[in-house]
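One structure is given below, encoded as structure tokens.
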Amino acid sequence: EWFVVDGWYRDCMEYDKKHYGSSGMIWVGLYTGHADYFENADEMEGLLESYGAQRFVLSTSLATNWYSAHAAWASSDPPADSAAYVASLEAFLAEPEGAAYVDRVDVRNGQVVASQIDTLWGSRDSDTTLELNRRMVKARQLARRAAPRLESRVWCPQFIFGEGTRLVFTETIFSMTVACATVAVVLVLLLGDLLAAA
């Protein structure tokens, strides 16, 4: 943040502060892709548990998600196989209890194509950009590791800003360090004198 200049990065910093740092909360989507949610029930439950256990995730925001809501709704008559699960899910989404999740679950041709769970992350004004980026990376890695068969992803618009700062702080600095080290080695080899090269 000490090195931002006027222009695009300044705009992004103001956007980040407005929608992240100043409010102390940020909505982050936990997405899963095309999968068999009946066969991979353990993986989905594990994803929700491990993701909600992160200290920056408000676990209470996971209480109202489509998967858990459907499981509670179908507990009296649980589906016996994958086809029955999708049929049960479609029936749930058609009921008043599932109406809030219609836009969060994409069911087509008897399959769940994608789903979205809105979660809240907490932050403090003292959190640095580096800390926020570490959370972004950690959440992405956790989602991929915890639920690979569900194609799980974590994303929100502020991550675009995060990718920009990662590019500046990580990739650029790493590239400059490698370049400087390479020039130093070449100078030593050409001059044959460490003091002169320095």
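The values are calculated or read from the model by the stated rules, or taken from the named source; none is laboratory data. Predicted, not measured: the structure shown is a model, and the values here were computed from it. Heads up, the Cβs are rebuilt from the backbone with ideal geometry, glycines too, and the neighbour counts pull from every protein chain shown. Please note that ligands, DNA and RNA were not included when accessible areas were found on the heavy atoms of the full protein model with its side chains. Shrake-Rupley method; radii C 1.70, N 1.55, O 1.52, S 1.80 Å.
Points to keep in mind about this one:
- Close contacts from region 68-80, counting a first residue that is closer than 23 Å to Leu30 by Cβ and a second that is among the charged types (D, E, K, R), with Cβ to Cβ under 8 Å and a gap of 6+ residues or different chains, come to Ala69/Glu97; Trp73/Glu95; Trp73/Glu97.
- Top-ranked residue of region 152-190 - restricted to ones that are open to solvent by 70 Å² or more (accessible area, probe 1.4 Å) and in a strand (DSSP E or B), ranked as modelled with the lowest pLDDT: Trp155
- Test: residue in region 138-151 that is surrounded by 14 or more Cβ atoms within 10 Å (Cβ to Cβ) and not in a helix (DSSP H, G or I): yes
- Filter result (in a loop (DSSP other than H, G, I, E, B) and either modelled with pLDDT under 90 or open to solvent by less than 20 Å² (accessible area, probe 1.4 Å) (or both)) within region 17-34: Ser22, Ser23, Gly24, Gly33
- Checking the stated criteria, Tyr51 turns out not to satisfy the condition of being touching a helix residue (DSSP H, G or I) at 6+ places or on another chain (Cβ under 7 Å), modelled with pLDDT under 95 and not small (Gly, Ala, Ser).
- Of all residues in region 163-198, exactly one satisfies the criterion of being β-branched (Val, Ile, Thr), touching a Leu at 6+ places or on another chain (Cβ under 9 Å) and within 29 Å of Asn133 (Cβ to Cβ), namely Thr165.
- Pairs linking a residue in region 124-149 that is more than 17 Å from Ser50 (Cα to Cα) to a residue that is part of a loop (DSSP other than H, G, I, E, B), with Cβ atoms under 6 Å and 6 or more positions apart or on different chains, are Thr129/Glu1.
- Considering residues of region 52-74 that are among the aromatic types (Phe, Trp, Tyr) and in contact with a Lys or Arg (Cβ under 8 Å, 6 or more places away or on another chain) only, the residue surrounded by the most Cβ atoms within 10 Å (Cβ to Cβ): Trp66
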